[in-house]
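Below: the structure, in structure tokens.
The values are calculated or read from the model by the stated rules, or taken from the named source; none is laboratory data. Please read all numbers here as calculations on a predicted model, not as lab measurements. Please note: Cβ atoms are built from the backbone with ideal geometry, for glycine as well, and neighbour counts cover all protein chains shown. For accessibility, only protein heavy atoms count, side chains too; no ligands or nucleic acids. Shrake-Rupley method; radii C 1.70, N 1.55, O 1.52, S 1.80 Å.
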Amino acid sequence: MKSVRVVVVGAGVIGFSTAVCIAEALPFCSVTLVAERFTPDTTSDVAAGIIWNSGYPDIPVERQRRWFKDNFDHFLAIAQSQHAPEAGVMMSSGWQIFKEVPAEKKPYWSDLVLGFRHMTASELKRFPDHKFGQAFTTLKCECSTYLPWLEKRFKKAGGRVEQRKVNSLQELSGYDIIVNCSGLGSKTLVGDTQMSIIERCSRLEPSLSKAKVLSTWVGLRPGRRNVRVEREEVLLQGRWVPVVHNYGHGGGGVTISWGTALDALGLVRQCIHEMPLHAKL
């Protein structure tokens, strides 16, 4: 009998990565993933999925390096396996070019990708308006293929999925641990005012502040200044429930998805370790 009830909110690449990590590593947990939208209707579905990142200003570089390395190793293992076509993961080589020489010529992940080097002068001649470039081989993930593959892997590990909108954490009070991977939904779900694309656009064009959103089909990147991977205790229906947050990746979602999922798994382990014995039985 599974003793600890865990719910993951969000069915994008962050939500499913986190759900898979928990379900596979903690078989004594009953893991349910709840979301209003599933593939092909998530923001992750239209992601380019190229693994590289510009970084987050207030997060220690060593932590970002660990996220990147764990993620790169995860995707490289898939790319080199028989699962690559089904998962939509492949190697990808290319250039990143700059109109001005950046202050940091070697990003923190330069030694974690394959064959990183600065572009030669002859290579840069192809781009006359650019003064500097980097060449490297990384990995690419087609999320419209990868998400169904992750969902299949999650269900194989015993996970359940439930399609419904969660308006408040109070609706999830029946679970022992809540894992919030709701991305842009965190603005309303947990009151995170750092998430909101409309607000940023309204600073440029005030008339948008009251505009009705009819539909979206663009590569939205729900972000905040820094990724939020941490835990807190929330009072729900008269009891304190641990909530693990893993959201706000912006354009680096695919790039560090597995890395932050492993961090979230570690936080879930901590929550279970600190639970009263009767809650685990």
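Here is a yes/no grid of residues against (1) open to solvent by 50 Å² or more (accessible area, probe 1.4 Å); (2) aromatic (Phe, Trp, Tyr); (3) at pLDDT below 95; (4) not in a loop (DSSP other than H, G, I, E, B):
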{"residue": "VAL8", "(1), (2), (3), (4)": "no, no, no, yes"}
{"residue": "PRO27", "(1), (2), (3), (4)": "yes, no, no, no"}
{"residue": "LEU33", "(1), (2), (3), (4)": "no, no, no, yes"}
{"residue": "TYR56", "(1), (2), (3), (4)": "no, yes, yes, no"}
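Cβ separations smaller than 6 Å between residues 6+ apart or across chains give the following pairs from the stretch 146-157 residues that are among the hydroxyl-bearing types (Ser, Thr, Tyr) to residues that are buried (at least 19 other Cβ atoms within 10 Å of the Cβ) and assigned to a helix (DSSP H, G or I): TYR146/ALA87.
Consider LEU139 against the criteria (1) open to solvent by 50 Å² or more (accessible area, probe 1.4 Å); (2) touching a Phe, Trp or Tyr at 6+ places or on another chain (Cβ under 9 Å); (3) of a type outside the set (S, T, N, Q): it satisfies all of them except one. Which criterion is unmet? Checking LEU139 against (1) open to solvent by 50 Å² or more (accessible area, probe 1.4 Å); (2) touching a Phe, Trp or Tyr at 6+ places or on another chain (Cβ under 9 Å); (3) of a type outside the set (S, T, N, Q), the one that fails is (1). In the stretch 205-231, the residue that is nearest to ARG66 (Cα to Cα) out of those that are modelled with pLDDT of 65 or more and small (Gly, Ala, Ser) is SER209. Picking from residues in the stretch 54-73 that are in contact with a Lys or Arg (Cβ under 9 Å, 6 or more places away or on another chain) and of a type outside the set (Ser, Thr, Tyr), the one that is farthest from PHE98 (Cα to Cα) is ASP58. Can you find, within the stretch 90-146, the residue that is farthest from ARG63 (Cα to Cα) among those that are in contact with an Asp or Glu (Cβ under 7 Å, 6 or more places away or on another chain) and at pLDDT below 95? Among those residues, the one meeting the criterion is SER144. For the stretch 98-133, residues that are among the β-branched types (Val, Ile, Thr) and within 30 Å of LEU147 (Cα to Cα) total 1.
Pick from the stretch 160-178 the residues that are outside any helix (DSSP H, G or I) and open to solvent by less than 10 Å² (accessible area, probe 1.4 Å): which of them is nearest to ILE272 (Cα to Cα)? Filtering the stretch 160-178 for residues that are outside any helix (DSSP H, G or I) and open to solvent by less than 10 Å² (accessible area, probe 1.4 Å), the one nearest to ILE272 (Cα to Cα) comes out as ILE177.
Every residue, every condition in (1) among the polar types (S, T, N, Q); (2) over 19 Å from GLN64 (Cα atoms); (3) surrounded by 15 or more Cβ atoms within 10 Å (Cβ to Cβ), yes or no:
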| position | (1), (2), (3) |
| --- | --- |
| PRO85 | no, yes, no |
| SER93 | yes, yes, no |
| LYS99 | no, yes, no |
| LYS105 | no, no, no |
| ASP111 | no, no, no |
| ARG117 | no, yes, no |
| PRO128 | no, yes, no |
| ALA135 | no, yes, yes |
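Within the stretch 63-83, the set of residues being among the aliphatic types (A, V, I, L, M) and surrounded by 14 or more Cβ atoms within 10 Å (Cβ to Cβ) comprises LEU76, ILE78, ALA79. Of the strands (runs of 3 or more DSSP E) lying entirely inside the stretch 59-156, those carrying at least 1 residues that are farther than 26 Å from GLY12 by Cβ and of a type in the set (S, T, N, Q) are 89-98, 132-141.
Of everything in the stretch 232-281 that's among the polar types (S, T, N, Q) and open to solvent by 30 Å² or more (accessible area, probe 1.4 Å), which residue is modelled with the lowest pLDDT? Only one residue fits best here, namely GLN237.
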